[in-house]
Amino acid sequence: MDIIENEPDDTDEGDEQFSIAIDDSLLSEALAAVEKRLTKENPAEDMDIGPLDLAALAAVEDELAIEIEEEDHESAPDVEQVSASVEARLRAMEAEQEAETLQKKLAGLTENRDQAEQKLRSLSSRAKKAAEAQRLAEQRAKNLKEALEKQQRDVEKLLERRKREKVEEYNRGRASTLSAVADVIDNFVLALQHDNSDPDRLMEGMRMCLQQFQTNLAQAGIETIAPEPGDAFNPEWHEAIATESVDGIESGCVVSLMSRGYVADGKLIRAARVAVAAD
């Protein structure tokens with residue numbers, strides 16, 4: 001079959017648009033349809049249809065263009081629907097992606113919240129422990145302060161008592177001394193009343209007074225240091241105030257006693273003053 005190309009007419013804009021819209025495959029299909037139609041109308045005639053009628057072919061092309069345009073108009077809503085569906089699907093995908101992103105952010109915020117709550121609980125626990133430690137420290141400081149004040153009061157009471165006891169002991173010592181000396185003084189007074197009548201009785205009274213005085217000192221815990229001539233010199237109890245050359249006494253020994261010494265409770269009150277034999 002010969003295919004005749006339809007050359008467009010430059011003067012007709014509709015024919016130009018039609019030739020642009022229909023491609024070669026559509027023309028082949030149109031030609032086949034025309035031949036089939038002619039075959040049905042003239043079945044007894046020879047299959048050779050002879051030369052083509054260009055006017056009829058143009059009419060067929062016009063009809064096909066109209067059908068194609070109608071199909072385009074009919075399919076237009078489907079394209080819009082598909083476009084809307086695609087757009088909706090894209091929006092759904094964006095929404096899903098955004099929802100996934102928001103879910104991840106929410107998970108991160110939840111994790112941060114859990115960490116913040118854990119830190120808050122830790123800080124709260126530490127604050128409670130610090131408050132308890134501060135309370136215990138304050139209570140301990142209060143107890144120490146009260147104990148210190150009580151100890152200070154006890155020390156003050158002890159010092160006051162020691163002071164009072166010292167005064168009382170001093171007074172008792174004075175009374176004991178007076179008791180030890182009073183009898184001796186009375187005996188000396190009685191001895192002096194007989195100084196002109198009998199010298200022997202005076203000397204006896206003096207010796208009695210001395211003996212009584214030594215007895216009173218011994219009762220008071222005071223010992224008398226009275227070394228005899230020839231005793232060894234003891235520097236812890238004796239004080240040498242002179243040296244003498246005496247026959248029969250070794251060098252460094254006591255020659256004579258100048259004044260007695262006294263010891264109270266093992267403590268030296270006054271050393272005995274003596275003269276020592278010279279070399």
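Which of the residues spanning region 207-266 are surrounded by fewer than 13 Cβ atoms within 10 Å (Cβ to Cβ), of a type in the set (G, A, S) and not in a strand (DSSP E or B)? Matches in region 207-266: A218, G221, S245, G248, S251, G266. Considered as a group, the residues in region 119-178 that are under 30 Å from F213 (Cβ atoms) and polar (S, T, N, Q) include one that is surrounded by the fewest Cβ atoms within 10 Å (Cβ to Cβ), and that residue is N171. Of all the residues in region 149-192, those that are within 57 Å of the chain's Cα centre (by Cα) and of a type in the set (A, V, I, L, M) number 4. Entry remark, region 235-276: residues being in contact with a strand residue (DSSP E or B) (Cβ under 9 Å, 6 or more places away or on another chain) and either farther than 25 Å from V181 by Cβ or in contact (Cβ under 8 Å) with a residue 60 or more places away in the chain (or both) number 20 in total.
Only the coordinates and a few stated rules stand behind these numbers; no lab work does. Remember, predicted model here, so these are calculated numbers, not experimental data. Quick reminder, even Gly has a Cβ in these numbers, built from the backbone with ideal geometry, and neighbours come from all protein chains shown.
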